[in-house]
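Q: My structure is below; once you've seen it, I'll send some questions.
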Amino acid sequence: MSKLPIVAIVGRANVGKSSLFNRFVARRDAIVAKEPGTTRDAIYRKTSWENHEFWVVDTAGLKEPEDEFEATIQEQIAQAESSADVILVVVEATSGMNEEDRAISRSALKTKKPVILIANKIDKLGGSSLDHLVKFGIKNIVPVSALHNKGIEDVLNSLIEVIPKHIPKKEDVITISLVGRPNVGKSFLFNTLAKKQQAIVSSISGTTRDVNEATVRYHGQNIRLRDTAGIRRSSKIDRGVEHFSVIRTLEAIESSDVCLLLIDAVELGTHLDQKIAGMVKESGRGLALVISKWDLVEKDAFTRDEMAKQIKYEFDFVPWASLVFTSSVTGQNVTSLYDVALDIVKTRAQKVKTVKLNKWLSSAVSKHPPAGLKNTYPKLRYAVQTDTNPPWFVIYGSNLKLLHWSYKRYLERTFREEFGYEGTPVMFSFREGDKQ
């Protein structure tokens with residue numbers, strides 16, 4: 001599968017980057033405030049325009065680093081520029097030739113990637129001209145007012161002229177990505193998995209800045225194996241700054257069939273492990289929780305079961321994820337990861353007959369009817385499978401807006417008890433009316 005293009009929004013502090021970002025993604029994810037430097041972390045969301053899908057990244061304001069924290073922010077901007085397919089340089093339309101604006105414009109142009117100059121806050125411009133902005137050397141200049149939602153469509157139209165339309169490639173290959181925090185053993189496992197198979201078709205190091213790939217053949221199936229960058233966190237800041245590698249990890253997740261989330265056996269239950277699992281779930285990809293460095297744990301007859309129980313508790317939002325204990329050093333369960341991944345792929349392609357679906361739905365509703373409001377109750381009439389990879393099911397009925405989230409969770413639990421689907425998220429949609 002081809003990766004989605006990345007659009008990076010860069011510029012000095014307080015020029016309106018976060019407001020522009022919010023207009024693009026149509027949601028208020030970035031904090032907007034009058035104080036310079038409010039945006040400290042790179043904010044990223046997937047969005048689309050005119051059937052063109054892409055990542056958009058909001059970065060912290062460009063300024064000279066005064067301390068290690070500020071230096072980390074500048075590193076994010078540098079990473080954004082090196083990883084982006086298109087760079088949006090945001091300046092204030094009313095500003096003159098600001099030296100900081102000059103610096104970031106030069107930096108963006110040096111990447112040899114498409115650059116668009118966004119002249120923001122044109123509502124304050126009056127009748128003045130934008131001719132002075134030509135001196136930045138960026139040919140494509142788009143005037144906007146992010147605050148008043150003016151010119152946003154012009155920016156998006158300019159964007160889709162320079163980014164390719166994302167068309168997933170259909171290949172007879174399964175993609176498995178190793179994801180997780182740094183130093184949990186991803187690279188060691190990657191090398192071990194690649195070496196286990198003698199028929200290596202190709203080995204590509206550094207396909208992107210932080211991804212290694214190897215293509216192997218296992219039981220007649222071509223498998224593209226990816227080792228991704230760890231999602232990092234700064235130990236200097238309590239709330240953490242995730243480096244730009246998170247975007248490349250998200251790309252790997254989005255273009256994978258199955259993700260193997262490595263969790264250090266001697267350091268369980270970190271917030272980042274849970275966050276990455278959530279990313280995989282939201283992307284609709286297959287997931288296996290791989291406990292690495294199992295050889296370093298002092299064990300007795302009960303250790304594995306106790307640890308499995310703890311992991312089940314900490315990852316209760318993905319109770320369907322497969323669980324495997326491995327050691328790349330001893331080779332324990334390493335090759336079996338291929339079997340686990342292939343089983344998940346097979347499960348994701350599984351189709352349930354409509355007759356069986358509705359028999360399950362009728363039984364689930366009979367055993368536990370949904371609660372309503374006063375004399376109005378949701379009615380679930382009919383279910384049909386609409387897609388695979390991930391498996392997707394649509395339930396038709398009436399008053400479905402009254403369905404409580406806990407009842408939807410009950411439906412998924414009984415569904416899995418009936419049909420399985422281990423290792424993959426299952427999507428449910430609820431629609432008013434009868435099946436069309």
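Q: Just to verify a result, which residue in the range 276-315, among those that are loosely packed, with under 14 Cβ neighbours inside 10 Å and under 24 Å from the mean Cα position of the chain (by Cα), is farthest from Pro425 (Cα to Cα)?
A: Ranking the qualifying residues of the range 276-315, first place goes to Tyr313.
Q: Filter the range 371-393 for residues that are under 24 Å from the mean Cα position of the chain (by Cα) and surrounded by 12 or more Cβ atoms within 10 Å (Cβ to Cβ) and give the result.
A: Kept after step one, since they are under 24 Å from the mean Cα position of the chain (by Cα), are these residues of the range 371-393: 386-393.
Matches in the range 371-393: Asp387, Thr388, Asn389, Pro390, Pro391, Trp392, Phe393.
Q: Filter the range 399-419 down to the residues that are touching a strand residue (DSSP E or B) at 6+ places or on another chain (Cβ under 9 Å), surrounded by 16 or more Cβ atoms within 10 Å (Cβ to Cβ) and farther than 14 Å from Lys359 by Cα and list them by number. Let's see the steps before the verdict.
A: Let us first name the residues in the range 399-419 that are touching a strand residue (DSSP E or B) at 6+ places or on another chain (Cβ under 9 Å), namely 399-403, 408, 411-412, 415.
Filter once more, keeping what is surrounded by 16 or more Cβ atoms within 10 Å (Cβ to Cβ): 400, 403, 411-412, 415.
Scanning the range 399-419 gives Leu400, Leu403, Glu412.
Q: Right, something else. Would you confirm whether or not the range 213-226 contains a residue that is closer than 30 Å to Ser82 by Cβ, aromatic (Phe, Trp, Tyr) and at pLDDT 50 or above?
A: Filtering the range 213-226 down to residues closer than 30 Å to Ser82 by Cβ leaves 213-216, 223-226.
Filter once more, so that each one left must be aromatic (Phe, Trp, Tyr): none.
No, there is no match, as no residue in the range 213-226 is closer than 30 Å to Ser82 by Cβ, aromatic (Phe, Trp, Tyr) and at pLDDT 50 or above.
Q: What's the number of the condition Ile87 fails, among (1) under 26 Å from the mean Cα position of the chain (by Cα); (2) assigned to a helix (DSSP H, G or I)?
A: (2)
Q: Something else: Determine if the range 338-347 includes at least one residue that is β-branched (Val, Ile, Thr) and farther than 30 Å from Val297 by Cβ.
A: Step one: of the range 338-347, the residues β-branched (Val, Ile, Thr) are 340, 344-345, 347.
Applying the additional criterion that residues be farther than 30 Å from Val297 by Cβ yields none.
No - not one qualifying residue is present in the range 338-347.
Q: Residues that are more than 27 Å from Val179 (Cα to Cα), of a type in the set (S, T, N, Q) and either in contact (Cβ under 8 Å) with a residue 60 or more places away in the chain or not assigned by TED's automatic domain parsing to the domain that holds Asp264 (or both): does the range 407-423 have at least one?
A: yes
Q: I would also like to ask the following. So, in the range 263-291, exactly how many residues are charged (D, E, K, R) and touching a Leu at 6+ places or on another chain (Cβ under 8 Å)? Outline the logic, then answer.
A: Going residue by residue through the range 263-291, those that are charged (D, E, K, R) are 264, 267, 273, 275, 281-282, 285.
Restricting the remaining residues to those that are touching a Leu at 6+ places or on another chain (Cβ under 8 Å) gives 273, 281.
Qualifying residue count, the range 263-291: 2.
Q: Another question about this same structure. Looking only at the range 302-321, which residues are assigned to a helix (DSSP H, G or I) and touching a residue at least 24 places away in the same chain (Cβ under 8 Å)? Break it down stepwise before answering.
A: Residues of the range 302-321 that are assigned to a helix (DSSP H, G or I), as a first pass: 303-314.
Across the range 302-321, the qualifying residues are Met307, Gln310, Ile311, Glu314.
Q: May I ask you to list the residues in the range 369-400 that are of a type in the set (A, V, I, L, M, F, W, C), more than 20 Å from Phe419 (Cα to Cα) and assigned to a strand (DSSP E or B)?
A: Taking the range 369-400 first, the residues of a type in the set (A, V, I, L, M, F, W, C) are 371, 373, 380, 383-384, 392-395, 400.
Filter once more, so that each one left must be more than 20 Å from Phe419 (Cα to Cα): 371, 373, 400.
The one that is of a type in the set (A, V, I, L, M, F, W, C), more than 20 Å from Phe419 (Cα to Cα) and assigned to a strand (DSSP E or B): Leu373.
The values are calculated or read from the model by the stated rules, or taken from the named source; none is laboratory data. Worth saying up front: this structure is predicted, and the values here are computed from it rather than measured. A quick note on method: Cβ atoms are made from the backbone with ideal geometry, for glycine too, and the neighbour counts reach across all protein chains shown.
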